[in-house]
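Since every read-out is calculated from the coordinates, none of them should be taken as a lab result. Source: prediction; values computed, not measured. Positions of Cβ are generated from backbone atoms using ideal geometry, with glycine treated the same way; all protein chains shown enter the neighbour counts.
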Amino acid sequence: MSFWDRFKKDKPAAAASRVVSTDELTASLRSKARGAKVSAADVASLCQELGIAQEQAYVALAMMDNTSLATEHEVQFVICTGNCLERGAMACLHELIALRDSRLSAELPAFDIVPRRCLTRCQVAPAVEVRSSAGTAVLANATPKALKEAVGDLF
Ligand code: FES
């Protein structure tokens, strides 16, 4: 069972989301990019157009060599969506997207979600780094609950 199938089993809302091939997704993301950067808003609208959950696009973005996310906030949550997916990173990514989108909807300060193939912190998977002007904090063995608390502490 793929990570995505396993995730859909755990998250019934994600079950409605179809899955597109990585090739289709990366080509679509590339078409939305300005220069080598794609905005979070463009990722969200692309996912809506394709009828897929945003998690798929973030995982695909981490695999792309020439396209990355344009950061626009002072705080970045950098999340490993490589092998950390085997250790719960998909649920963490889901939580981060929900937290960010709810803050944006409420017009509150938000954060970027930056996916990476590996943060070289595999021993504490799933690994998330919180980067801000204060420096970088590592969330070892991240969980959705820990991320929610981190967002609550930061803003
Ligand atoms: S695979 Fe996730 S930190 Fe290395």
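In region 56-146, what GluC sites (Glu not before Pro) fall in a loop by DSSP, with at most 10 other Cβ atoms inside 10 Å? Before the final figure, lay out each step's value.
Numbers: sites: 72, 74, 86, 95, 107, 129; in loops: 72, 74, 107.
For GluC sites (Glu not before Pro) across region 56-146 that sit outside H, G, I, E and B with at most 10 neighbouring Cβ atoms in 10 Å, the list reads 107.
Neighbour counts of other Cβ atoms within 10 Å put 22, 71, 136, 81 in the fewest-to-most order 136, 22, 71, 81.
Ranking 64, 1 by Cβ neighbours within 10 Å, fewest first, what do you get? Present the calculation step by step, with values, prior to reporting the outcome.
Details: 64 19, 1 8.
Sorted ascending by nearby Cβ count, the order is 1, 64.
Note on the chain: Rg/Rh from Cα positions, Kirkwood definition for Rh, rounded to two decimals, is 0.93. For region 76-154, the alpha-carbon radius of gyration amounts to 1.01 times the rule-of-thumb value 2.2 N^0.38 Å expected for a compact globular protein.
Distant-in-sequence amide contacts of residue 75, defined by a placed amide H-H separation under 5 Å and a gap of 5 or more residues or a different chain, comprise 112. Rounded to the nearest 20 debye, the dipole size of the chain about its Cα centre is 260 debye, using +1 on the Cβ of Lys and Arg and -1 on the Cβ of Asp and Glu. Each residue of region 3-69 gets 76 Å³ once the volume of the Cα convex hull is shared out per residue. For the pair region 117-134 and region 1-75, the centres of their Cα atoms are 20 angstrom apart.
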